[in-house]
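Report on the structure given below.
The values are calculated or read from the model by the stated rules, or taken from the named source; none is laboratory data. Fair warning: this is a prediction, and the values are worked out from it, not measured in the lab. All Cβ positions, even for glycine, are placed from backbone atoms using ideal geometry, and neighbour counts span all protein chains on display. These accessible areas exclude ligands, DNA and RNA; they are computed on the full protein's heavy atoms, side chains included. Shrake-Rupley method; radii C 1.70, N 1.55, O 1.52, S 1.80 Å.
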Amino acid sequence: MKERIQQLLSQIQQLQAGSAEELEALRIKYLSKKGEISALFNDFRNVAPEDKKEIGMRINELKQQAQNRFEELKAQFEAAKAEAERQDLTCTADPVTLGTRHPLSLVREEIIDIFSRIGFTVEEGPEVEDDKHVFGMLNFAPEHPARDMQDTFFIEKEEGIQKPTDILLRTHTSSVQTRVMTTQKPPIRVLCPGRVYRNEAISARAHCFFHQVEGLYIDKNVSFADLRQTLLYFAKEMFGADTKIRLRPSYFPFTEPSAEMDISCNICGGTGCGFCKQTGWVEILGCGMVDPNVLESCGIDSKEYTGYAFGMGVERITNLKYRVKDLRLFSENDVRFLNQFQSC
Ligand code: PHE
């Protein structure tokens, strides 16, 4: 009997329970009416009278210890449960991870910011345009190659019509300028940012859509020198105070004279490197004095007013600023690429 009491005592001291069900099962095993301790009380009858006092004390002690141990386990168990269920109402909800801005948006905003400091305001227009606003009023001859199916996406007005219609996806945001010139009176000083479309095979260097920011300034006595100075200011603000510009003669139907502008290579500083093909210069935009024909077709008196215009590709500027070589990265939505602009 004494041995049995001793055995049970050490079992009880080591008891562990992982769940409420386990704890209850143990209670039944030891403390219920049919449990091990009750069995001892039943056997007590058979204990010799001289041992009764001692054995009785021990059994009572065992019962007490067992009850204490169960209370202890129950308390432990309830504390753990309460901890798990505890809610900190001061905690923020799901952590908010900050998104990143698309590099093209960053650069577009920067271009707009630089020009807005010298009085340019933003104008936007439709991406689905008509021939008149994209080409006609901009002095494109009817047979100009830009109107060709190879460059321009035409929209079929009606099902079944195969031949080109005059509804198309704009190939440049100069279309917004024609809309502004026909609806506003000079002085006009606007920036036209937006997406444009050209029918090109997609590669690292070309895409069927890209983004432009074009600018237009029309007033009395606007000169090529004004254009040059404005673009020099832009280049220095965008690429650093040491940046130099050069203007090369070029051709656009809507400007005369026309030029293309290079900036001193911002990678080698103009000494020549792989990026600028050893020339020290990289091309960034097209520009020129608005052709009088364009002013007239938009209802502006070309004897009274002159103007300049310029247009640049946002992807090109972004490439120069952030060295993004493959144009396709801009539209693939790969977060590994986009996350790099986190700190901007
Ligand atoms: N519209 C021209 C283009 O898309 C850019 C440009 C704008 C050139 C204004 C000269 C003046 O290529």
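The table for this structure:
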| read-out | value |
| --- | --- |
| Hits in segment 217-269 - residues which are in a loop (DSSP other than H, G, I, E, B), within 20 Å of Pro186 (Cα to Cα) and under 37 Å from the mean Cα position of the chain (by Cα) | Phe254 |
| One residue from Gly299, Gly274 being small (Gly, Ala, Ser), open to solvent by 20 Å² or more (accessible area, probe 1.4 Å) and either under 17 Å from Pro257 (Cα atoms) or in contact (Cβ under 8 Å) with a residue 60 or more places away in the chain (or both) | Gly299 |
| Residue satisfying all of: in segment 238-271; buried (at least 18 other Cβ atoms within 10 Å of the Cβ) and aliphatic (A, V, I, L, M); nearest to the ligand (Cβ to nearest atom) among these | Ala259 |
| Residues of segment 294-320 satisfying the condition of being more than 14 Å from the ligand (Cβ to nearest atom) and within 30 Å of the chain's Cα centre (by Cα) | Thr318, Asn319, Leu320 |
| Counted residues, segment 204-225 - those being farther than 24 Å from Ser105 by Cα and open to solvent by 30 Å² or more (accessible area, probe 1.4 Å) | 6 |
| Selection count where residues are among the charged types (D, E, K, R), surrounded by 14 or more Cβ atoms within 10 Å (Cβ to Cβ) and free of Cβ contacts under 8 Å to residues at least 12 places away in the same chain, scope segment 25-76 | 1 |
| Residue check, Val190 under 27 Å from Glu304 (Cα atoms), of a type in the set (A, V, I, L, M), assigned to a strand (DSSP E or B) and within 16 Å of the ligand (Cβ to nearest atom) | yes |
| Subset of segment 164-184 (residues that are free of Cβ contacts under 8 Å to residues at least 12 places away in the same chain and either under 24 Å from Asn221 (Cα atoms) or part of a helix (DSSP H, G or I) (or both)) | Thr183, Gln184 |
| Complete set of residues in segment 294-328 that are part of a loop (DSSP other than H, G, I, E, B), aliphatic (A, V, I, L, M) and closer than 20 Å to Ser175 by Cβ | Ile300 |
| Within segment 275-293, considering residues that are within 14 Å of the ligand (Cβ to nearest atom) and assigned to a strand (DSSP E or B), the one farthest from Lys236 (Cα to Cα) | Val290 |
| So Gln11, is it open to solvent by 90 Å² or more (accessible area, probe 1.4 Å), in a helix (DSSP H, G or I) and of a type in the set (S, T, N, Q) | no |
